[in-house]
Amino acid sequence: MSIPSQAALAHLRSIKPNDGWAVQKDDKGLLKLLRRNVPLSDNSFLDIHYDSPKNIVVGVMTKDGQTCQLLVDEGGKPVAGIRVVSVSTYVPGTARNVNFTTARSNVAPPRRNTPRSAPAAATETAAALPLSPEQNKEVLKYAVDLRSDKLLYTFGIILLYLYMLQTCPSMRSFDAKKELKRVLRGHHLPEDHPDKPKGFFEDLAARVAASVTAELATFPGYEMTMTPFGGAAILVEVRVPTAKTTCYWVGAFGKWHYVHSREIPDTHYD
C-alpha cells in the first residue's frame, strides 16, 4: 500500500470510523478503494489520494494527479458514477502535502434533504467536472487500456482452449505398457540428470531393462483410470499393484506427458 493511500485511509477512518474502509491491490499493482468490502468503483487506479484543500478522496488516473476520479466527497459520502477532477496536492510516494488538522476541521456536516433549484444543481455538477481536452484524452485512454487488457486476456484463454481441443490426444492412443517403459528407462529425465542413460550402449541397456520390468510388473494386471477435462486434456492414472506404484500422465498438446509416480501404501494389500 502506498503512502498516499495510507493517508487517505487515515482520513476516511477518522471521519467515518464504522464504514470499513480498505485499499486493495489487484494483480496489475493498481489500487481500489473499498467500503465494507465493496469497491467504490469498477476502475482500478495508480493510487488513492486524499486532497486536503478540497477535503475529497480521489483515485489517481495520471501520474501528475491532473486526472482523477472522485471517490469520496467532502462530506465523506461515496460518489456514484464517474466524476473526474484535478488535484494539485498529489505527489507519488509521499503525503507531505496533506494537512490533516485543517482537513478534519473542514469536514462538512451531514446535509439536510433540502430541495435545490435546477440551475444550482447544474452549476455544482459543472464545477465538479473541470475537464480539459487533454484530460478527456487521458480518461478515454485509461478506459480503453483497461478494457483492452481484459479483452486480450479473455481472447487468449479462448484461443488456448480451442488449440487444446484440436490437439488433445485420443484415449485410445494411450498405451500403458509403452508409457511405463518410457518412464522406467528415464525418457522424461533432463539430459543433465545423473540417472539419464548416456550413449548408445547405456540407452540400449536401459531400454531392455525397462521392457523386462514393465512386462513383469503388468503381467498380473493393472488398473487404469482416465479423466477427461472438457475435451482439452485427459488425466490418466495407472495403478500397478505388483510394483506397488501409481503413475500419472496428462494428455495435452498432441502427446502424453508424464507427471509423477507415487508408492501405494502396504496397507492396501493385506
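From the Cα gyration tensor of region 1-44, with a ≥ b ≥ c the square roots of its eigenvalues, which class applies: rounded if a/c is under 1.5, or else prolate if a/b is larger than b/c, or else oblate? Show your work: numbers first, answer last.
Details: a/c = 2.70, a/b = 1.41, b/c = 1.92.
Note, shape of region 1-44 comes out oblate.
Given a 1.4 angstrom probe, I'd like the percentage of the accessible area of region 1-93 that is carbon and sulfur, rounded to a whole number.
Numbers: 2070 of 4160 Å².
The C+S portion of the solvent-accessible surface of region 1-93 is 50 percent.
Suppose R0 equals 25 Å; then what is the FRET efficiency for Lys255 and Lys150 from their Cβ-Cβ distance, rounded to the nearest 0.05? Mind showing how you got there, number by number?
Details: r = 32 Å, r/R0 = 1.29.
E between Lys255 and Lys150, to the nearest 0.05, is 0.20.
Between Lys25 and Met224, what FRET efficiency comes out of the Förster formula 1/(1 + (r/R0)^6) with R0 = 45 Å and r the beta carbon distance, rounded to 0.05? Walk me through the intermediate numbers first.
Values: r = 46 Å, r/R0 = 1.01.
That pair, Met224 with Lys25, gives E of 0.50.
All other residues with a Cβ under 14 Å from the Cβ of Lys255 taken together, and with Lys, Arg as +1 and Asp, Glu as -1, what is their net charge?
That works out to 0.
Sort the following peptides by mean Cβ neighbour count (other Cβ atoms within 10 Å, averaged over residues), highest first: 240-252, 28-40, 59-71, 160-172.
Values: 240-252: 18.2, 28-40: 14.5, 59-71: 21.1, 160-172: 12.4.
Going by the mean number of other Cβ atoms within 10 Å, highest first, we get 59-71, 240-252, 28-40, 160-172.
The values are calculated or read from the model by the stated rules, or taken from the named source; none is laboratory data. A quick note: this is a predicted structure, and the numbers were derived from the prediction, not measured. Glycine also receives a Cβ, built like all others from the backbone with ideal geometry; neighbour counts cover every protein chain displayed. Heads up: the accessible areas ignore ligands, DNA and RNA and are worked out on the full protein's heavy atoms, side chains in. Shrake-Rupley method; radii C 1.70, N 1.55, O 1.52, S 1.80 Å.
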